[in-house]
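Note sheet for the following structure.
The values are calculated or read from the model by the stated rules, or taken from the named source; none is laboratory data. Bear in mind that the values here come from a model prediction, so they are computed numbers and not experimental data. All Cβ positions, even for glycine, are placed from backbone atoms using ideal geometry, and neighbour counts span all protein chains on display. Side chains are part of the model used for accessible areas, which takes the heavy atoms of the whole protein and leaves out ligands, DNA and RNA. Shrake-Rupley method; radii C 1.70, N 1.55, O 1.52, S 1.80 Å.
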Amino acid sequence: MNYDSKKPRERGKIKPPGYYCRVCKVRKLRDEFPGMADKGRVCKACATVSTGERLGMRHEEEIYHFLRQANFTEQTRERLDYLAQSKNKKTRELAELMLQVAKLAPYKKGRLKILSELAPDLLKKLQDLGLVATYGK
Ligand SMILES: [Zn+2]
C-alpha cells in the first residue's frame, strides 16, 4: 500500500493574488493598486494618506515606544526635543508630554506613583491618551 503515490494535489505552487503594500504591509488584490510604481507598491488606502500624516504616525509610534523603555536616555531626550518642534501638532504635543515625563520620572519603575503625586494632571493626560494604565484604582 502506498498512499502517497496517488495524491492529486500539488502543494505550495499557487502564488497568492495581488500585491504587497509597502506601507501597510498587507497583501491586497491587484485592483487596490491604482498605479504602477517601481519603488514598491502602495495601496489605494495608503496612497490617500499624505506623507506628512504618515510621518506623524511613525513619530507617534516612536514616542509610545519611549514610554515602554526602562528609562529615558539622553539620546531619547534629544530626539524628543527634536520631535517637539514637529510641524505635526499631535507629534508636538506628545513629545512635549514625554519631555515632562522624562523630567519628573525618567525611570519606568515607580513612574506612575511619582506622576500621581507630582503631576496628576500630566498623568491624567497620559491615561486619556491610553499611554499608561490607570494608577491606584
Ligand atoms: Zn497599504
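Normalised per residue, the accessible area of the stretch 51-128 is 65 Å², obtained with a 1.4 Å probe and no contribution from ligands, DNA or RNA. Potential lengthening of the chain between Tyr20 and Tyr82 amounts to 19.0 nm, from the contour at 0.36 nm per residue minus the alpha-carbon distance.
For the stretch 51-128, the fraction of 1.4 Å probe accessible surface lying on carbon and sulfur atoms is 52 percent. With a Förster radius of 25 Å applied to the C-beta separation of Arg58 and Asp128, the computed FRET efficiency comes to 0.65. Applying 1/(1 + (r/R0)^6) with R0 = 41 Å to the Cβ-Cβ distance of Thr48 and Asn71 gives a FRET efficiency near 0.60.
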